[in-house]
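Report on the following structure.
Read the figures in this text as sums done on the coordinates, not as results from a lab. The model shown is predicted, which means the values in this text are computed figures rather than measured ones. With ideal geometry, Cβ positions are generated from the backbone for all residues, glycine too; neighbour counts draw on all protein chains shown.
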Amino acid sequence: MVSIRTDLALEAREIYEEKEKSSEIPGVKIENKELDNCTVTKVEILDEQGSQIMNKGVGTYITLESNLMKFDDDESREEIISYLKDELVGILGTDKTKKTLVIGLGNWNITSDALGPKSVSKTLVTRHIFKNYNKDYDDDFTEVSGLSPGVMGITGLETSEVVKSIVDMIKPDRVIAIDALASRKMERVNSTIQISTAGISPGGGVGNKRKALNKEYLGVDVIAIGVPTVVDAATLTSDVLDLAIDNLMSQSVESENFYNMLNKLKEEEKYQLIKDSLDPYDKNLIVTPKDIDETIENLSIIISEGLNRSLHPGRITK
């Protein structure tokens, strides 16, 4: 079976629907809501049957889609931060006594993989203050610590082992892991945020998955926040081919049967055909937009501020 690279539960659902021609997925519950300039999709994988079909862990996956994430202005940012904060509060709850460890996954030397470290650097950490003043509770803030453990190529250490050792030492009530993801559609790159209660596999966005960070391994709740920052070259080529076929069909009658044949290829068949063509030449590359530096900076502000407001009730906003 061909596996189209995607870390989004929303897209896993779409792949199933395209293949099975059905919107009903056993063991999966789906809800949608439309907000101003933003679409929110909630995918709940309820059991092992749903998990196997979706190739995702059992849990809740909330996806926010909005082109406002691509706009570097205060008004657009503020709208998305507000939506993100509301969804995070729905998952994290309002218990002010819970201790949180925020982990920024990824390689800070590679821009498209630096979302986690950049977000953590902007997150308001308070554990040291709680310890210095011997406090267990505060009306305005909760106890938050943060770390960017790097990647194995830099540290020589498994990220999961680093996080596990810290969790065992400081004993947080939950871990929030932030990472770059991969999408099957270019249109969702840098314009989608996924929140998941099922944990995460570090390195997923660049196709280099490591040992998963989840409740089973860490012993505490793990909430993952990710943004697709890349697609692979085969995925991008498939999207471009679809557009080219539609354009050629609209302008040609003589070759209509040929274009119809291409158009009727199943998504996975088309992906495999392109991937096989690219792989022998080592061309199956990871692709990201040219303005990725500014975009990652903007997204890290959105994610960190959404976290700050959901974790700290007294967070002062503009």
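General remarks:
- Formal net charge of residues neighbouring MET169 (Cβ-Cβ distance under 14 Å; K, R +1; D, E -1): +3
- Ranked by how many other beta carbons lie within 10 Å on average, peptides 93-105, 162-174 from highest: 93-105, 162-174
- Taking the centroid of alpha carbons for each part, the stretch 35-55 and the stretch 95-129 are 25 Å apart.
- Relative packing of 71-77, 229-235, 141-147, 124-130, which averages over residues the other C-beta atoms within 10 Å, highest first: 229-235, 141-147, 124-130, 71-77
- Charge sum, other residues only, whose C-beta stays under 13 Å from THR100's C-beta, Lys/Arg counted +1 and Asp/Glu -1: +2
- Relative to the current alpha-carbon distance between SER22 and VAL162, full extension at 0.36 nm per residue lengthens the span by 46.2 nm.
- Given +1 at the Cβ of Lys and Arg, -1 at the Cβ of Asp and Glu and no other charges, the dipole of the stretch 103-196 around its Cα centre is 280 debye to the nearest 20.
- Contour minus Cα-Cα distance for THR39 and VAL89 (0.36 nm per residue): 16.2 nm
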